[in-house]
Structures are given as C-alpha cells and as structure tokens.
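Where a number appears in this text, it was derived from the coordinates with a stated rule and is not lab data. On a predicted model such as this, the values are computed, not experimentally measured, just so you know. All Cβ positions, glycine included, derive from the backbone under ideal geometry; neighbour counts span all protein chains shown.
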Amino acid sequence: MDTASPTQTLLDGADLLIDALKLNGISNLYGLPGIPITDLTRRAQAAGMRMISFRHEQNAGNAAAIAGFLTQKPGVCITVSAPGFLNGLNALANATTNCFPMILISGSSEREIVDLQQGDYEEMDQLAIAKPLAKAAFRVLHIEDLGIGIARAIRAAVSGRPGGVYLDLPAKLFAQTIEADAGKASLIKVVDPAPRQIPAPDAVNRALDLLKNAKRPLIILGKGAAYARADDDIRAFVEKTGIPYLPMSMAKGLLPDTHEQSAAAARSYVLPEADVVMLVGARLNWLLSHGKGKTWGGKSSKAWGGQKYIQVDISPTEADSNVRVDAPVVGDIGSCIAAMLNGVNAAGAGWPKPSGDWLGAIADRKGKNIAKMGETLAKNPTPMNFHSALNVMRDVIKGHPDAMLVNEGANALDFTRSIVDMYKPRKRIDVGTWGVMGIGMGFAVAAAVETNLPVIAVEGDSAFGFSGMEVETICRYNLPVCVVIFNNNGVYKGTDVNASGTADVTPTVFVKDARYEKMMEAFGGVGVYAKTPDELRKAVEEAVRSRKPTLVNAIIDETAGTESGRITSLNPKAAKK
Ligand code: OXT
Ligand code: ADP
Ligand code: MG
C-alpha cells in the first residue's frame, strides 16, 4: 500500500521513512514503541509492514540482527531515545562483532537542547555513543535527506564485512513535511547493496598451490561461510578436494554434520596435526585459540603450531590478525570458492586427494569419540543429565531437519553443539563470537518470523532469564516456538554453596525446582514440566507438530554441569587450580 493517498500532497518524516524501507524490500520491523516513534510503529503496520513489538529493546535488537544473518538484508530495529536506545545498543554491538547486517534506528531528543545539555526529555548524544560500537553511524536532520540516510545505512550494513549500523532520527524529523512528489523523488532504491568482490587470480592460485602441496590439509568453515549462501559450491569444493573440515558452531549443517569428511568429532586431534588450514569465513579469534598454543600443537601457550594458513574472507585486514596467513584470498565467499572450485575442476584427476594416513587417523579418532559419545547417550539416568536430554533433542532435529535451533547457556550450549547434529545450512543460531547470554528469545522470534519454520530454543535456565519475558511476545504473535529450558537450578549447576555461612544463596544458584513452564501458560501458551526423556520427547514433538507456543521445563541433574561449560580454562579462578 502506498502511504500517500491521491488527496495527500504532503508526506511527513514517518511516511517517508516507511516508504524508504519498503522501497528497499524491508518488510519486517523489530522494536518497542514510545516517544517519539509510537506513531511510526503504528503507521508502519498500517502501511503493510510487519511490526513485531517486544518487551525489551535488547531482544528486538537481537531479533533484527539475526534476521539480517538469515536473510542477507539488514534487519531493522526501532527504539525510543536514550534508555530505549541504550537497551538496543547491546544488540547493535553484538551484531557488529558477529558480522550480522543490522540497522538500529532510534528516535532522539532535540539537537539544540542535547548539544547545550539543557536537560531535554531522554537527553543523550546518541550518535557519539553508538559510533564506536557500530560499523557506521549516521544522523538525518532534514526530511529531504531521509532517503540518503536509509541508503547509506543499508549499504554500510550489508556491503563488505556486514555489521551493525546506527541511524539517529531526532524527534522533529518525524513531523517535518515534504511535497509527496519531491519526497518520493528523494528516495533511493539501493542498487547492488552488497557487490560481489572477485578475488585476484594470483591470490586464488597461491591458495590452491598451498592446498595442493599440503600433507594434512584441513578446512574450517565459519559463520561467514553460512551467511554467504554459497552452499552448493562450498559442498562441492569440500567433496572434490576430499579435505576434512571442521564447522564452527553456526556453520554446522552447511554440510550435514553426519558427512564422512566432518572432523568435528576429532577436533582436538586435527587442529594440532594439520599442516595447512583453510579458513572460510572464520576468524582466528579466541574460539580458535588465536591459532596458537597447545590447541594447535604449539610448545607453549603463545607459540605458533607451525601451520600454514589460507584465509578466505571479505575483509582485507583480517589476515595476519593473530598468526601469519600465507595465502589470503580476499573477496566474497561465493566468488572466492567458485574461483577455487574452478581451479580444482581444471586440475581434474590431477588434484591430489589427502593421504590415506591423514584421513585414516582422523576416522580412527572420530570413531572412538563417536562410540564414547554413543555410550554416554545410551544411558538413562534419573534425574536427566545434559546427555540424556540432548539425546532426545538430537532425535527431534534429525526428524525435523528444517527446524531452526536457537541455543544459549554454558553447559546447555556446549553439550548441544557437540551432541545435536545439524543437517542443513543456517539452522543453528547461537551466542556467537561474544558468548553472549540474552540472544535466545529475540533470535527465536525472528527465526520464526523470517522463516515461518518451527523454532526450538535450547536454553540454560540462566540464559533464558535474560530474555524470558518475550514468551509473551511469542504468544502474542502465536509463533511456532518451543522453548526447552535445561533447568539445573542455576548458572553452570545448582549445587554451589555460600562459603560465608549467611542466609543468602551463592551467586550462581537459583530458586530450586522453578516452574518456568507456568510463564508460558500465563500468556496462553503450552507449558510442560518434563522429568524424563519420554516426557521431553513427547512435549517437543507435539510442539513442532502443533506449532503452538510451548515452553518445556526440562529438569536436569543440578550436579551435572561444569563451571563455564567447555571453557572452564578461561575462568581465572578455575585456571589457577
Ligand atoms: O576432540 P575432543 O576430544 O576435545 O572432543 C571435542 C569434539 O571432538 C567432540 N565432539 C564430538 N564427539 C562425538 N560426536 C560428535 N558429533 C562430536 N562433535 C564434537 O566433543 C568435544 C567438544 O567439541 P567442540 O565443542 O567442537 O570443541 P571445544 O573444544 O569445546 O571447542 C572450543 C570452542 C571454544 C570453539 C567451544 O567450546 C565453543 O564454541 N565455546 C563457546 C563457549 C561460549 O560461548 N560459552 C558461553 C559463555 S559462558 C559464560 O560467559 C556465561 N555467563 C556469563 C555471561 C554471559 N556470557 N553473557 C552475559 C550477557 N552475561 C553473563 C553466564 C551468565 S554462561 C552463563 C549462564 C550459564 O548458565 P545456564 O543455566 O544458562 O547454563 P548451564 O551451564 O547449562 O547451567
Ligand atoms: P565463526 O565465529 O563462525 O568462526 P567469525 O564471525 O569469526 O565466524 O568470522 C566470520 C568472518 O566471515 C568474518 O571475518 C567476515 O569478514 C567474514 N564474512 C562474512 N560474510 C562474508 C562474505 N559474504 N564473504 C566473505 N567473507 C565474509
Ligand atoms: Mg543452568
């Protein structure tokens, strides 16, 4: 629907903003109304956009960010000034850190008053505060510039390395008017917002030479590879070269986790043993131990393990950020992998397959780990532990490979990542680069809205608490979301003791046997209290079948977790022990 009726000759800032977004194919908004954007949110809905209204801006921001990851279009979050803006900022920073394209649009107070610090309603110099946390930040003061502002925000969010963009819109802008024809003419439909970036042929050849001469090559696929949607070429490249690969958490499913070339179950073997590592949309950050130390076979914690690296990435400054990269391939992953695949195809039978020794050693290690895992999963303890509960979730996802899986927590995250196989690309969304708690319900809402597929959110009980109020949002929009809380009575576990002897419980412990399922029932959804794998299975299967908002409170042995899950060593106290 066009917001300007034939009798309307003037458009205001809100009208024009809606038109600019729609013109650029943005049809969903995530946000929270209030001064000065209440009317904007209503009018966006009236103009045919889907406006998903949240209970806290951080969750709306996280929803927008993951919408960006899932669609390659910037996800848009709209917030009110100062406090609402600050609530959204956590998500904006997280989007930038994770390379998710997102635009945070915030209303703000009057420039004249803010700049003289005269105490306006919700006064804050928002642009200055957003700048260091965003890939780019802009302010629009005049309605004539709105089209440009939106175009710049879109380009900044999705071109090159994607990221979070801030757009500051002072309240007065919404009330400014412009002749409808002039307003329309001022809008820009962005042409080719994320242009392909073709890698240089010599960079491709350098990388192929290195790979060809490797004795123990390894490919690491990161979430950049999942984002790039080059699924078929990536799979063909992996299969034609025969090189074992390791998926980072959100790249799981790019090839099915059950693929025979997956080295996930031999992670601690392949990292130190590989001689050439090809990173595809994955950074050598803390999640890969910075390419150094014992994880990589280095002699000390800071020592390089001797591997040579190929890094396929759109950012020209990513290479050498932690260790030397011998063959950077700079470009968009689709173009880079296509070029490298051409090289492999051209070599035909001349392309050397990795040695039987290397593949055999990996298969051996994998087999042992999978057998060990199989034994643990087969046990059926009372109460449930992470393994017996995840054995159920693993079956559910196997039976519903299209379902979206959201995952956060510590043990609830780490066990899920290694136990639940993913079969299709971009189905697993989680805490990402920062290991941040609080993404759960925002991600779940956006996953449902953007894909219309069933969503299963496996949540630690602490993790859920960061965004739990959004179960009302899930019920309000009747979204096909099943939240499964792994309830072990606390952060990491529920058995820590207050050493001081005072009446307070220790900081990591929560109310015992909390009835989280009643939160969902309070808003008309389905709540289930599940103490056994059978109860859990029945509840989740029914939720996927019915598509009704559901919360399953899965009771997990409170002694089962470890401090910080798999990253105990990053914890100073635990590391000293
Ligand atoms: O090779 P080895 O032998 O080593 O074995 C590996 C694999 O080979 C094997 N494997 C398999 N075996 C068999 N079959 C299969 N299919 C298979 N696949 C793998 O399994 C092991 C492990 O494999 P993995 O996982 O690949 O390898 P590894 O070594 O773990 O990988 C390293 C990492 C670093 C890549 C990986 O561990 C990783 O991705 N980690 C992410 C960790 C993370 O981000 N954690 C979240 C943050 S923790 C902490 O910060 C928390 N807080 C503080 C807080 C935060 N974060 N945010 C905010 C805003 N405020 C505060 C809080 C409050 S967590 C938290 C809440 C926790 O409580 P909850 O109640 O929510 O959760 P519970 O703990 O459940 O109680
Ligand atoms: P992971 O956490 O899965 O290892 P990271 O977030 O560390 O992944 O890395 C993602 C990388 O992917 C970033 O360096 C980013 O520049 C890159 N990237 C994102 N999109 C593309 C793309 N379309 N083409 C090439 N590189 C990309
Ligand atoms: Mg817990």
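LYS353: which lysines have alpha carbons under 19 Å from its alpha carbon, excluding same-chain residues fewer than 8 sequence positions away?
Qualifying lysines at Cα under 19 Å: LYS212, LYS215, LYS240, LYS308.
What is the packing order of peptides 46-56, 26-36, taking the mean over residues of other C-beta atoms within 10 Å and listing the highest first?
Averaged packing, sorted descending, gives the order 26-36, 46-56.
Within the P(r) computed for segment 320-398, what percentage of the Cα pairs occupies the region above 17 Å?
72
Quick one: divide the alpha-carbon radius of gyration of segment 136-242 by 2.2 N^0.38 Å and tell me what you get.
That ratio works out to 1.66.
Which percent, to the nearest 5, of DSSP beta bridges fully inside the chain are antiparallel?
Bridges in the chain are about 5 percent antiparallel.
Evaluate E = 1/(1 + (r/R0)^6) for ASP202 and SER53, where r is the Cβ-Cβ distance and R0 equals 60 Å; express this FRET efficiency to the nearest 0.05.
0.70
With no solvent and one equal point scatterer per Cα, compute the Debye intensity ratio I(q)/I(0) for segment 396-508 at 0.17 Å⁻¹ and report its log10, rounded to two decimals.
-0.79
So how much slack lies between TYR121 and ILE148, counting 0.36 nm per residue of separation and subtracting their Cα-Cα distance, in nm?
7.0 nm
Can you tell me the Rg and Dmax of segment 36-75, counting just the alpha carbons, in angstroms?
11.1, 29
Take the Cα of ARG566, step 7 Å along the line toward its Cβ, and report every residue of segment 357-389 whose backbone nitrogen sits under 20 Å from that point.
Only 362-378, 385-389 pass the distance filter.
Trypsin sites (Lys or Arg not before Pro), restricted to segment 180-217: which are DSSP loop and have at most 15 other Cβ atoms within 10 Å?
Here the trypsin sites (Lys or Arg not before Pro) that fit, given the DSSP loop and packing criteria, are LYS189, ARG196, LYS215.
Quick one: of LYS73/LYS223; LYS223/LYS427; LYS252/LYS531; LYS252/LYS368; LYS366/LYS493; LYS22/LYS189, which pairs are farther than 18 Å apart, Cα to Cα?
Checking Cα-Cα distances, LYS252/LYS531; LYS252/LYS368; LYS366/LYS493 exceed 18 Å.
Report D for segment 87-146 in µm² per second (integer): Stokes-Einstein, Kirkwood Rh on Cα pairs, 25 °C, 0.890 mPa s. Don't skip to the answer; put the middle values down first.
Numbers: Rh = 12.7 Å.
Answer, rounded: 193 µm²/s.
Taking all pairs of distinct Cα atoms, average 1/r, flip it, and tell me the Kirkwood hydrodynamic radius of segment 271-340 in Å to one decimal place.
Kirkwood radius, segment 271-340: 12.2 Å.
Checking the cross-link filter: which lysines have an alpha carbon closer than 23 Å to that of LYS302, excluding same-chain neighbours under 8 positions apart?
LYS292, LYS294, LYS573, LYS576, LYS577
Name the shape class, rounded, prolate or oblate, that the alpha-carbon gyration tensor gives for segment 241-314, where a ≥ b ≥ c are the square roots of its eigenvalues, rounded holds for a/c under 1.5, and otherwise prolate holds if a/b is larger than b/c and oblate otherwise.
It is prolate, given that a/c is not under 1.5 and a/b is the larger ratio.
Just to be sure I understand: of the beta bridges DSSP finds with both ends in segment 272-431, what percent are antiparallel, rounded to 5?
10
Kirkwood hydrodynamic radius, computed over distinct alpha-carbon pairs, for the chain: how many Å, to one decimal?
So the Kirkwood estimate lands at 25.2 Å.
Which chymotrypsin sites (Phe, Trp or Tyr not before Pro) in segment 62-160 sit in a loop by DSSP (not H, G, I, E or B) and have at most 15 other Cβ atoms within 10 Å of their own Cβ?
TYR121
Show that you can apply the helix-only estimate: for the chain, add -39,500 (n - 2.57) for every DSSP H stretch of four or more residues, divide by all residues, and state [θ] at 222 nm to the nearest 500.
-12000 deg cm²/dmol
Hey, could you grab the Kirkwood Rh for segment 177-219? Inverse mean 1/r over distinct alpha carbon pairs, Å, one decimal.
Computed over segment 177-219, the radius equals 15.1 Å.
Averaging over every viewing direction, what projected area does the convex hull of the Cα atoms of segment 297-336 cover, in nm²? All intermediate terms of the calculation are to be shown ahead of the outcome.
Working: hull surface 12.1 nm².
Averaged projected hull area, Cα only: 3.0 nm².
Can you tell me which of 198-204, 287-293, 104-110 comes out highest on packing, and rank the rest after it, using the mean Cβ neighbours within 10 Å?
Result, highest mean Cβ count within 10 Å first: 104-110, 287-293, 198-204.
Please report, in whole Å, how far the alpha carbons of segment 240-391 spread along each principal axis, starting with the longest.
Largest to smallest, the principal-axis extents are 53, 39, 29 Å.
Which cross-chain or sequence-distant (5 or more) residues have an amide H under 5 Å from the amide H of LEU279, H modelled 1.01 Å from N in plane?
Those lying under 5 Å, H to H, from LEU279 are ILE220, ILE310, GLN311, VAL312.
Which helices of the chain meet both criteria: a Cα extent of 20 Å or more along the helical axis and a mean Kyte-Doolittle score no lower than 0.5, with helices taken as whole DSSP H segments?
Sorted by number, the helices that extend far enough and score high enough are 333-347.
Along the Cα→Cβ direction, 7 angstrom out, place labels at THR38 and ALA185. What is the inter-label distance in nm?
Here the modelled spin labels are 3.6 nm apart.
Which aspartates and glutamates have a Cα less than 16 Å from the Cα of LYS548, not counting those fewer than 8 places away in the same chain?
GLU470, GLU472, GLU517, GLU521
So for segment 115-187, what are the equivalent ellipsoid semi-axes in whole Å, largest first, each being the square root of 5 times an eigenvalue of the Cα gyration tensor?
Computed over segment 115-187, the values are 22, 21, 6 Å.
Once you have a ≥ b ≥ c as the square roots of the Cα gyration tensor eigenvalues for segment 447-560, tell me rounded if a/c is under 1.5, and otherwise prolate or oblate according to whether a/b is larger than b/c.
Cα axes put segment 447-560 in the prolate bin.
Please state, to two decimals, what the Cα-based radius of gyration of segment 183-254 comes to when divided by 2.2 N^0.38 Å (N = residues). Don't skip to the end; give the middle numbers.
Working: Rg = 17.3 Å, N = 72, 2.2 N^0.38 = 11.2 Å.
Normalised by 2.2 N^0.38 Å, the Cα Rg of segment 183-254 equals 1.55.
Let me know the volume per residue of the alpha-carbon convex hull for segment 475-520, in Å³. Don't skip to the end; give the middle numbers.
On the way: hull volume 4.3 nm³, N = 46.
Enclosed volume per residue, from the Cα hull, is 93 Å³.
Can you tell me how segment 11-118 classifies by the Cα gyration tensor, rounded, prolate or oblate, using a/c under 1.5 as the rounded cut?
Judged from the Cα gyration tensor, segment 11-118 comes out oblate (a/c at least 1.5, b/c at or above a/b).
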